[in-house]
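Structure record follows, encoded as structure tokens.
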Amino acid sequence: MQPKYYGDFGGSFVPESLVQPLTEIEQAFADIKACADFQAEYENLLTQYAGRATPLTFAKNLSRILGRKIFLKREDLLHGGAHKTNNTIGQGLLAKRMGKKRIIAETGAGQHGVATAMIGALLGLPVEIYMGRVDVERQASNVKRMQLFGAKVHGVDSGSATLKDAINEAMRDWIANVEDTFYVFGSTVGPHPFPALVRYFQEIIGKEAREQILQQANVLPDAVFACVNGGSNAIGIFSRFIDDEKVQLFGAEAAGQGLSTDYHAATLEKGEQGVFHGMRSLFLQSASGQIEETHSICAGLDYPGVGPEHAYLQASKRATYLGVTDQEAVNAYRLLAEREGILAALESCHAVALALREAEKFPAQANLVVNLSGRGDKDLQNYFSHVENC
Amino acid sequence: MNRFKQLFNEQQHAFIPFFTLGDPTPAKSLALIKAAVDAGCHALELGMPFSDPIADGPVIQASAKRALDAGVDFTVCLDLIAQIRQYTQIPIGMLMYYNLLFHRGVEVAYRELAAAGVDAILAVDVPLEESAQHQQLLQQHDLGAIYLLTPNTPESRAQQLLTYSTAFAYVVSDYGTTGVRDVIPQTTLQRLQTYRKLADTPLVVGFGINKPEQVQALFNAGANGAIIGSAIIKMIAADQHDITQAQTKIQELIGSCVEVVVTE
């Protein structure tokens, strides 16, 4: 069985109607780990449908500028355009195996929504996606993609009309339709066993990255960088390095307009312990315990909480989490485009920006791995309007 | 003795309205709740407003938002509860999202609620498996426990939940979040009979109830109590600027439900 708690964090804080479905998912999760047929089907889809393994690209030009070796794990090249596909293939197969007739999901930037809609089309399962109204507008092209894959997209108007509210609405749908519906969580958040389940399907990133860096550099990296909000791409790549204490782990969270302002989503640096969306973790909240709204240039980093394992990795000092501002991310977006010919998602550019900032603290020729969790086409408009406004 | 225990010792049936504390404003909320007491309700179920009430439908979400926008927080709620307690001795149950207790500091929160006059707490998002500390603090402050029983709760688990529900068991009538429904599912009536065989715990049904005929049907099927929430909150939403109007409508609804209890 997977751990239910990571130190003080995690657990399963849900209304009674979700207790039974979560128990069933936990059981099914245990079953698939030992099921050769499931594993074979999963691996087959990862390679033949999604295009794994993704490369680890040595970023020659950036490395020359920094005097440190930068390697990019290219989840942006995965089918669907982000690491989310690893998870939706896994959970989609699980839903099917459990005999569920319908899948639902929340989405922020739209990447998880797209990845879920894609898998729904592939597996013949009807899909409904909940997406904050604000995100529907700022990620219009992803909405169109979901609709082309046959998914129904619900714009959510409550609260801040972003990711948190989309999760609320998806949970309400699930509570009402637990019998035949599977809720495909997009990140390592929510009640047990979701943080463990999503981690399991994202570990492939770390597994490949470890093999690839050993092959290319002959040593383990000095540090691994990933952007963190819910934290699934970060847990994925961290997973195979956590036990190697010499490998430093860095999470880049959205500092928005700056940590000293109210406009950020830096849960690990500015949040407090709380219990919400099924888990005990860190959340941005008001003095009276109301969940607060966030700000980030990225719809994909706009959640006021964080996965429990990250809260634990921070508390146990195994990983370091630092804020990266909108501006730093935008600068990294441009730099990566100009120097390497790669358009990475603004979310992933937070990780790139943190690596750029931290690089000088490492010896010359140190090996730094950065997870490029998604591709940046979706952010073009966002990028240009940010540049024009500055 | 805990006021809920006393209530169900003394009478077989009880009618319980639900209010969000502070909706639409603390003063108006107090007036509405006093009006409900005047109309003869037997207990109160009060929700502390939370920013993200995932187990609630749109009506109660909007209600929580009105209260939060009016500046309601834990302290304001304590003050309102204390004033309600001065006005009446009927039992008060709280419906809470756990983060509000957790963030207040659990040691403090339960003590304060008990001191203000609360008799029982339902922490919506604390299932039995996570409730060791919740249980212990309830006992320490002589507060009753309320647990939810849903249509997908297996019988063996229902047995446990009934045992732990020292104030009453909250039987959720249907799948889904709170909100008005036209029909009480037949299965709910059957579930009441099943639960009755398992334990003597008072069974109070909520979610979707909106008229005295439904309350009567539930009592006939073995329920000890009925909670009406969204239907009342809708009246508040419609007449939030003319609170006397809302008061009159709510008193009419409560009066007709109380009559079911009295005339049986």
Task: Candidates A:289, A:274 - the one that is on the phi > 0 side of the Ramachandran plot and touching a Leu at 6+ places or on another chain (Cβ under 9 Å) - done: A:289
Task: Failed item, numbered, when residue A:240 is tested on (1) closer than 19 Å to residue A:46 by Cα; (2) assigned to a helix (DSSP H, G or I) - done: (2)
Open item on the list: Can you pull out every residue in the stretch A:158-184 that is in contact with a helix residue (DSSP H, G or I) (Cβ under 7 Å, 6 or more places away or on another chain), farther than 23 Å from residue B:50 by Cα and more than 9 Å from chain B (Cβ to nearest Cβ)?
Closed with: A:181, A:182, A:183, A:184
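Considering only the stretch B:1-29, state which residues are in a loop (DSSP other than H, G, I, E, B) and among the acidic types (Asp, Glu).
Answer for the stretch B:1-29, where residues must be in a loop (DSSP other than H, G, I, E, B) and among the acidic types (Asp, Glu): just B:23.
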Task: Residue count, the stretch B:152-180 (criterion: surrounded by fewer than 16 Cβ atoms within 10 Å (Cβ to Cβ) and part of a loop (DSSP other than H, G, I, E, B)) - done: 1
Open item on the list: When you scan the stretch B:76-95, do you find a residue that is under 27 Å from residue B:139 (Cβ atoms), surrounded by fewer than 18 Cβ atoms within 10 Å (Cβ to Cβ), within 9 Å of chain A (Cβ to nearest Cβ) and out of contact with any Asp or Glu (no Cβ under 8 Å at 6 or more places or on another chain), even just one?
Closed with: no
Open item on the list: Just to be sure before I move on: is residue A:137 without any contact (Cβ under 8 Å) to a residue 24 or more places away in the chain, not β-branched (Val, Ile, Thr) and not assigned by TED's automatic domain parsing to the domain that holds residue A:73 in the structure I sent?
Closed with: yes
Task: Residue among A:166, A:115, A:170, A:121 that is surrounded by fewer than 19 Cβ atoms within 10 Å (Cβ to Cβ), among the aliphatic types (A, V, I, L, M), part of a helix (DSSP H, G or I) and not assigned by TED's automatic domain parsing to the domain that holds residue A:295 - done: A:121
- [ ] Name every residue in the stretch A:260-280 that is away from chain B (no Cβ under 14 Å), hydrophobic (A, V, I, L, M, F, W, C) and over 22 Å from residue A:373 (Cβ atoms), in order of residue number.
- [x] none
- [ ] Please determine, by comparing only the residues of the stretch B:181-202 that are touching a Pro at 6+ places or on another chain (Cβ under 9 Å) and either away from chain A (no Cβ under 14 Å) or not basic (Lys, Arg) (or both), which one is surrounded by the most Cβ atoms within 10 Å (Cβ to Cβ).
- [x] B:188
Task: Of all residues in the stretch A:7-52 being in contact with a strand residue (DSSP E or B) (Cβ under 9 Å, 6 or more places away or on another chain) and aromatic (Phe, Trp, Tyr), the one that is farthest from the other protein chains (Cβ to nearest Cβ) - done: A:9
Open item on the list: Within the stretch A:304-313, does at least one residue satisfy the condition of being surrounded by fewer than 23 Cβ atoms within 10 Å (Cβ to Cβ), touching a helix residue (DSSP H, G or I) at 6+ places or on another chain (Cβ under 6 Å), assigned by TED's automatic domain parsing to the domain that holds residue A:263 and under 30 Å from residue A:159 (Cβ atoms)?
Closed with: no
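The values are calculated or read from the model by the stated rules, or taken from the named source; none is laboratory data. Note that the structure is predicted; figures quoted are calculated from it, not measured. Don't worry about glycine lacking a Cβ; one is built from the backbone with ideal geometry, like all the others, and counts go over all protein chains shown.
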